[in-house]
Structures are given as C-alpha cells and as structure tokens.
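Written below as structure tokens is the structure these notes are about.
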Amino acid sequence: MFRSNNTHSRWHTTFGDFSANPALGRAQEETLKAGPPPISLSIVPSGSWAFDHSEPNIEIEENIYFVPLTANEVGIDSFIVNAEHLYMFQFASGIQRSVNHGLLAALKRFSNLPPPVNWHYIFVVPEDSATFSCPHYVDGFLADHVPYIAQVGNCMS
C-alpha cells in the first residue's frame, strides 16, 4: 500500500491500470521505491487455536494459526507467527477499512510475540477489488508500520 507524505493522506492501493489517474500511478511508484519491499507468504500452520478475548495472557507458539472465538476481536481476524515475524490478517469486503486504535493495547495480552519491527498488518480483500484504502494515523499501529494488502479468490465451492 502507498500514501503521500501529507500527514492526513490515506493508505491506498489500486489493482490494475493507472491510466485513468496518472497522479495516483506516480505516487505509487515513488512510494514503492522508498517503502519496504513486498512480502510473499507461504506458511503451512502446524495447528490452529481459537482463543477467547477475555483470556488475560495468551502464550503464542510459532506456526500456530490463531483465530478469535468472537467476531468482535479488536483489530484482527486472525494471526500467525512464522520465522520471528507476526502476520496479522484483517478481512475486508469493502473498499476501505481502518486499523482499530485499540490494536496495540490488545496485543499486550499475548506473550512470546516477535519484536514490533517484525509485525505485519495485512488487509485481505476479494480478488475483484479495484481499489482499497485506509486512514493513516500519527498514533497507533500505523504510525510505525506500513499496511499490506492481499487479494484472494472465493474459496467457497
């Protein structure tokens, strides 16, 4: 995802052709040059664990796919730690979504997390999405992290 240097700029991504908006295409090119490189994930979890958000201290194990029991978990739909990196997934069906301000506080109840420099927030959107955006905040998780985006197909048959 990319954004301009303006403090109030949103994070954006556009899939496909930029010919309709050359300024957006140039902004993406500049940001991609200066930003972190894209990541490619291929993780096969060794197990999964559904956790209750009321648990005060949850010990994280590497390669276990964690999913909250409740649909209203603060800021994430699932996560996994792999090779000393935390990958948090937020599924979004619309063209915009924000990162919950309570995410950092919610993560404090998990132990054995890798250092915050190795945390990655990934919005997962449908493959037919043309654009996606989220607000940038000068405080909270996005103050120090670049969000990622992943397009996935419909896995239902």
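Of everything in segment 40-81 that's touching a residue at least 40 places away in the same chain (Cβ under 8 Å) and not in a loop (DSSP other than H, G, I, E, B), which residue is surrounded by the most Cβ atoms within 10 Å (Cβ to Cβ)?
So, considering only residues that are touching a residue at least 40 places away in the same chain (Cβ under 8 Å) and not in a loop (DSSP other than H, G, I, E, B), the one surrounded by the most Cβ atoms within 10 Å (Cβ to Cβ) is Ile58.
Considering only residues that are of a type in the set (A, V, I, L, M, F, W, C), closer than 21 Å to Ile149 by Cβ and either within 21 Å of the chain's Cα centre (by Cα) or at pLDDT 85 or above (or both), which ones fall in segment 14-57?
Passing the criteria: Phe15, Ala27, Leu32, Ala34, Ile39, Leu41, Ile43.
The values are calculated or read from the model by the stated rules, or taken from the named source; none is laboratory data. Note that this is a predicted model, so its numbers are computed, not measured. With ideal geometry, Cβ positions are generated from the backbone for all residues, glycine too; neighbour counts draw on all protein chains shown.
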